[in-house]
Amino acid sequence: MAATLSPDALLRQLAGTWAGLDKEGPGVLRACSMTLLTVAQESEDLSSMLETLASLMPEHPARSIVVRLQTGAPLAGHVTAQCWMPFGQERQICSEQIEITASQDALEDVASLVAPLAAPDLPLILWCRSRSVVETAGFERLAEMAGKVVLDTADWPDAHAAIQSIAALASRGLRVADLSWTRLTRWREMLSQVFENRRQAARLPAISRVRVVYGGAARPVAAIYMGAWLVDALAAAGARAELSLEPDANIPAGHFSTVELSGAEFHLELARQQERLITIVDGLSHCASLPHATDCRLLREELSIVRQDLVFERMLSSAARL
């Protein structure tokens, strides 16, 4: 199957694309800071995914390689350029996009194809949303090529199995990120801000209970992550807190809406109200925005983390033990 499409053929298409852009005039600048490899199932919305990638390019220009797995599809590929005009300038900036279609059982062939297509001497980031792709033969080979693997366990049916899968990848020395964790950034920032106050920080050792409320019968990965991070952070501050993860039928499945910390004469509640995050400490409330966490917003944050995320790694180890 791999013989039907070669890296050399796609690289020649890339060269031809740039030659064509050069003929349009000197006002085209080529930009590339990484290789961003995206692998998707045929059931995923490809147009939405391509729109997300296009939105990322101005801030994180990349050689984008998009692999679409389709049942019985022959190995095929084509090349395009993504161009944009920065505000107030007269010169276009362009990046490359390679789209590859392959059958479900051809991920091993795709790995052989991608290696020589990656932009030389630049990091390779792998993004995948689908649990079934992660479980497909050949995925590990792609993951081992990547400097960072970005997954999204939000829609995986079994939260504990999802966490164990990510922990297993991390245990093999792979740098793994989970957008379920990235969605918690604003929540963690708001909680941390409360304890920047010295008076509140002095009350940390007295916290004895952590309560996370979520929707649906199955615990979402994000709720477990939040609970594990809080228990670890409180332990570092000298508190031994009991963790409670509780369902609420009034909350949509897969989401969590409330975090509570309580102890002797102390009570903190962090609650979501649509696109607002309400912090209540001892009866006093504060409101902050909580914008919708789009794939573009989440990936933009993860692509900006160039080193190991030690906080996530410590939390993941704790979450795997819950």
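With the requirement that a residue be part of a helix (DSSP H, G or I) and open to solvent by 20 Å² or more (accessible area, probe 1.4 Å), what does segment 115-126 give you? Break it down into steps so the answer makes sense when it comes.
Here is the first cut: in segment 115-126, the ones part of a helix (DSSP H, G or I) are 115-117.
The answer is ALA115, PRO116.
Only one of (1) touching a residue at least 60 places away in the same chain (Cβ under 8 Å); (2) among the hydrophobic types (A, V, I, L, M, F, W, C); (3) in a strand (DSSP E or B); (4) open to solvent by less than 30 Å² (accessible area, probe 1.4 Å) fails for ILE278. Which number is that?
(1)
Taking the criterion of being at pLDDT below 95 and either among the basic types (Lys, Arg) or outside any helix (DSSP H, G or I) (or both), would at least one residue in segment 162-172 satisfy it?
Checked segment 162-172: at least one residue is at pLDDT below 95 and either among the basic types (Lys, Arg) or outside any helix (DSSP H, G or I) (or both).
Go through the residues of segment 105-114 one by one and say whether even a single one is more than 19 Å from GLY138 (Cα to Cα), open to solvent by less than 50 Å² (accessible area, probe 1.4 Å) and in contact (Cβ under 8 Å) with a residue 60 or more places away in the chain. I'd like the intermediate steps shown before the answer.
Kept after step one, since they are more than 19 Å from GLY138 (Cα to Cα), are these residues of segment 105-114: none.
No, every residue in segment 105-114 fails to be more than 19 Å from GLY138 (Cα to Cα), open to solvent by less than 50 Å² (accessible area, probe 1.4 Å) and in contact (Cβ under 8 Å) with a residue 60 or more places away in the chain.
Which residue, of ARG68, ARG12, is out of contact with any strand residue (DSSP E or B) (no Cβ under 7 Å at 6 or more places or on another chain), among the charged types (D, E, K, R) and either open to solvent by less than 60 Å² (accessible area, probe 1.4 Å) or not in a loop (DSSP other than H, G, I, E, B) (or both)?
ARG12
Name the residues in segment 209-218 that are modelled with pLDDT of 95 or more and either open to solvent by 30 Å² or more (accessible area, probe 1.4 Å) or more than 29 Å from the chain's Cα centre (by Cα) (or both), would you?
ARG209, ARG211
Cβ-Cβ under 6 Å, sequence separation 6+ or interchain: first residue in segment 121-148 and modelled with pLDDT under 90, partner of a type in the set (D, E, K, R) and surrounded by 16 or more Cβ atoms within 10 Å (Cβ to Cβ). Which pairs?
ARG129/ASP152; GLY138/GLU108
Which of the residues spanning segment 86-104 are closer than 22 Å to LEU299 by Cα and either assigned to a loop (DSSP other than H, G, I, E, B) or free of Cβ contacts under 8 Å to residues at least 40 places away in the same chain (or both)? Don't jump to the end; show me each part of the working.
Pass one, segment 86-104, residues closer than 22 Å to LEU299 by Cα: 86, 93-100.
PRO86, GLU99, listed by residue number.
So that you can scan it fast, the table gives a plain yes or no per residue for (1) open to solvent by less than 60 Å² (accessible area, probe 1.4 Å); (2) charged (D, E, K, R):
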site: LYS23; (1), (2): no, yes
site: LEU46; (1), (2): yes, no
site: SER64; (1), (2): yes, no
site: ALA73; (1), (2): yes, no
site: HIS78; (1), (2): no, no
site: GLY88; (1), (2): no, no
site: GLU96; (1), (2): yes, yes
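Of all residues in segment 130-154, which are charged (D, E, K, R), over 17 Å from the mean Cα position of the chain (by Cα) and assigned to a helix (DSSP H, G or I)? Step through it out loud before you land on a result.
Initial filter on segment 130-154 (charged (D, E, K, R)): 131, 135, 140-141, 144, 148, 152.
Among the residues that remain, those that are also over 17 Å from the mean Cα position of the chain (by Cα) are: 135, 140-141, 144.
GLU140, ARG141, GLU144, listed by residue number.
Just checking, how many residues over segment 243-275 are under 20 Å from ARG186 (Cα atoms), surrounded by 15 or more Cβ atoms within 10 Å (Cβ to Cβ) and among the polar types (S, T, N, Q)?
Matching residues across segment 243-275 total 2.
Could you please find all residues in segment 219-231 being at pLDDT 95 or above and either surrounded by fewer than 16 Cβ atoms within 10 Å (Cβ to Cβ) or not aliphatic (A, V, I, L, M) (or both)?
Within segment 219-231, TYR225, GLY227, TRP229 meet the criteria.
Would you confirm, using the coordinates I've provided, whether LEU303 is over 30 Å from PRO58 (Cβ atoms) and crowded, with 16+ Cβ neighbours inside 10 Å? So that I can check it myself, show each step before the final result.
Details: over 30 Å from PRO58 (Cβ atoms): no; crowded, with 16+ Cβ neighbours inside 10 Å: yes.
So LEU303 fails the test.
The values are calculated or read from the model by the stated rules, or taken from the named source; none is laboratory data. These figures come from a predicted structure and were not determined experimentally. Reconstructed Cβ throughout: ideal geometry from the backbone, glycine too, with neighbour counts over all protein chains shown. Heavy atoms of the whole protein, side chains included, go into the accessibility calculation; ligands, DNA and RNA do not. Shrake-Rupley method; radii C 1.70, N 1.55, O 1.52, S 1.80 Å.
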